[in-house]
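Notes follow the structure.
Rule-based calculations on the coordinates, nothing more; no lab input. Since the structure is predicted, the reported quantities are computational estimates derived from the model, not experimental observations. Here Cβ is always computed from backbone atoms with ideal geometry, including for glycine, and neighbour counts include all displayed protein chains.
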Amino acid sequence: MNRAQKAELVNELSERLKEAPFVAVADYRGVTVDQIDMFRRTLESKGIEYRVIKNTLAKRAIAGTEMEPLGDHLAGMSGWVISGNDPIAAAKALRDATKVLRKEEKFVVKAGYFDGQTLDAAGVDKVADLPSKEELLSLLLRTIQESPRRVMGVIRGPIRDMRYLLKNYEGTLTPADAGE
């Protein structure tokens, strides 16, 4: 790869990383080509990109950005997981796709980036524990609907209580009293 190609790769990577809300860097030592290929395909189906980038080029791409502290974790074999639009879904997909590889200690998350902060491996797992965008939207909808529901309950309360009172009173009347 000549200098022009490297410069183009660094610029392209830098632009891609600026758009990504979630990024994770992992050591993939000991993972077979078939396992990485399956891992990559699993992530791609969810709109997440997995790339192996030379550490020196990655450091150039993140230089001067909020992700620059990730450069401290770029040693050895480094694979980059770059999210699409939904960072929580990307973190969950990363955790699910690497469950078996992590148990075998073949795929180790070194660090990550989310919401302007550099994260350690535990932080990346915490991002995966956050509720997804759909879950947050449904929670917001329930919260918005709850207030009018409570107001309607308060408005209907006196009418409901009056109906119960009249039903109870009707039950206490004898048939002779009811006709009068």
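Taking the Cα centre of each part, how many Å lie between segment 56-87 and segment 9-46?
Between the Cα centres of segment 56-87 and segment 9-46 lies a distance of 11 Å.
Rounded to the nearest 20 debye, what is the charge dipole size of segment 74-118 about its Cα centre when +1 sits on each Lys and Arg Cβ and -1 on each Asp and Glu Cβ?
Roughly 180 debye, rounded to the nearest 20.
Can you put TYR169, TYR50 in order, fewest other beta carbons within 10 Å first?
The fewest-first ordering by Cβ neighbours comes to TYR169, TYR50.
Under 1.5 on a/c is rounded, so check that first for the chain, then, if it is not, pick prolate when a/b is larger than b/c and oblate when it is not; a ≥ b ≥ c are the square roots of the alpha carbon gyration tensor eigenvalues.
prolate
Return one number: the angle in degrees, 0 to 90 and rounded to the nearest 10, between the long axis of the Cα atoms of helix 87-97 and the longest principal axis of the Cα atoms of the chain.
70 degrees
Which listed residue (THR56, VAL151, LEU140) has the Cα farthest towards the positive end of the charge dipole for the chain, taking +1 on Lys and Arg C-beta and -1 on Asp and Glu C-beta about the Cα centre?
Of the listed residues, the answer is THR56.
Among rounded, prolate and oblate, which fits segment 63-121 when a ≥ b ≥ c are the square roots of the eigenvalues of its C-alpha gyration tensor, a/c under 1.5 means rounded, and a/b larger than b/c means prolate?
oblate
So how tilted is helix 133-172 from the main axis of the chain? Cα-based, degrees 0 to 90, rounded to 10.
Tilt of helix 133-172: around 10 degrees.
Provide THR98, THR42, THR56 in ascending order of the number of other Cβ atoms located within 10 Å of each residue's Cβ, fewest first.
Ascending number of Cβ neighbours within 10 Å: THR56, THR42, THR98.
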